[in-house]
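Asker: Handing you a structure now.
The numbers here are math on the coordinates, done by the rules we state, and not lab data. Given the structure is predicted, the values throughout are model-derived calculations rather than measurements. Cβ coordinates were reconstructed from backbone atoms using ideal geometry, including for glycine residues, and neighbour counts include every protein chain displayed.
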Amino acid sequence: MKISHLKSNRRLVVIVAALVVIVSALALTLGSRPNAPALSAARLASDPSLGPPSAKVTIIEYGDFGCTTCRGWEQAGVLKQIVAAYGDQVHFVWRDYPIITAQSPQAARAGQCAFDQGRFWQYHDLLYASAPALSISDLKTYAARLGLDATRFNQCLDSGQDNAKVDQSMAEARAYGFIGTPSFIVNGQKVVGPASFSQFKSMIDPLLKSG
């Protein structure tokens, strides 16, 4: 009985020691990350967009770079059709809702880091063209490929500089009751799923004709 008890104690000590090592390593890793300053109210209110904010129709997309349906919608060219058909009459806004894959949140943060350098839409297109390769290393490689300031981009991504912006967009999407991507808001009206150009047109045209 004593030998059994001693063996149990030794196992417990080994387990506790292993946990201490793991926790210490995690703390060291987290502690080595550069600290990011809190985002300003102006940055939290800023979104990647196309068209003037004064446009009569505003479409907000809640999207996910890891979402195959979102990628299909983008590659189908629906957004390009909207821009070509309506130009400055529509204000199209991107907001992150990274819920589909484990790599989606880091891709969303990377997109915001690209936005900080004025290259969101180019980065957006490259991410969808390159998915599902969305590891941290991939995300940094794409930024360098587009000619972004790599040091600034990597600092932004590694520090979690824009995490609060992504979190804010996710909270908004959940408040609307969205459970998948892509999801849209067209002048306050919810559109769930990858709507076609004709579906958007049926909503946009009456809004443009109204008072």
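Asker: For region 112-123, just list the computed ³J(HN,Hα) in residue order, Karplus coefficients 6.51, -1.76 and 1.60, θ = phi - 60°, integers in Hz, with x standing in for Gly and Pro.
Answerer: In residue order, the calculated couplings are 5, 5, 5, 4, 4, 9, x, 10, 4, 5, 5, 5 Hz.
Asker: Next question. Quick one: what are the phi-derived ³J(HN,Hα) couplings along region 47-52, Karplus 6.51/-1.76/1.60 with θ = phi - 60°, whole Hz, x for glycine and proline?
Answerer: Per residue, the Karplus-derived 3J(HN,Hα) values read 9, x, 8, 10, x, x Hz.
Asker: How much length, in nm to one decimal, is gained on full extension between residue 75 and residue 208, taken as 0.36 nm per residue of separation minus their Cα-Cα distance? If you can, show how the numbers build up before the last one.
Answerer: On the way: separation 133, 0.36 × 133 = 47.88 nm, distance 2.63 nm.
Gain on extension, residue 75 to residue 208, equals 45.2 nm.
Asker: Measure out, as a whole number of angstrom, how far apart the alpha-carbon centroids of region 83-154 and region 168-211 sit.
Answerer: 21
Asker: Once you put a point 7 Å from the Cα of residue 168 and another 7 Å from the Cα of residue 152, both along the Cβ direction, what distance in nm separates them?
Answerer: 2.0
Asker: Starting from the Cα of residue 199, move 7 Å in the Cα-to-Cβ direction to define the label point; list residues of region 79-113 whose amide nitrogen is under 15 Å from there.
Answerer: Answer for region 79-113: 79, 82.
Asker: Search the structure for amide H atoms under 5 Å from the amide H of residue 58, placed 1.01 Å from N in the peptide plane, and list their residues when 5 or more places away or on another chain.
Answerer: Amide H to amide H, under 5 Å and 5 or more residues apart or across chains, residue 58 pairs with 91, 187.
Asker: Pop out the ³J(HN,Hα) list for region 168-182 in order, Karplus 6.51 cos²θ - 1.76 cosθ + 1.60 with θ = phi - 60°, rounded to Hz; leave Gly and Pro as x.
Answerer: My calculation for region 168-182 gives 4, 5, 5, 5, 5, 4, 5, 5, 6, x, 6, 10, x, 10, x Hz in order.
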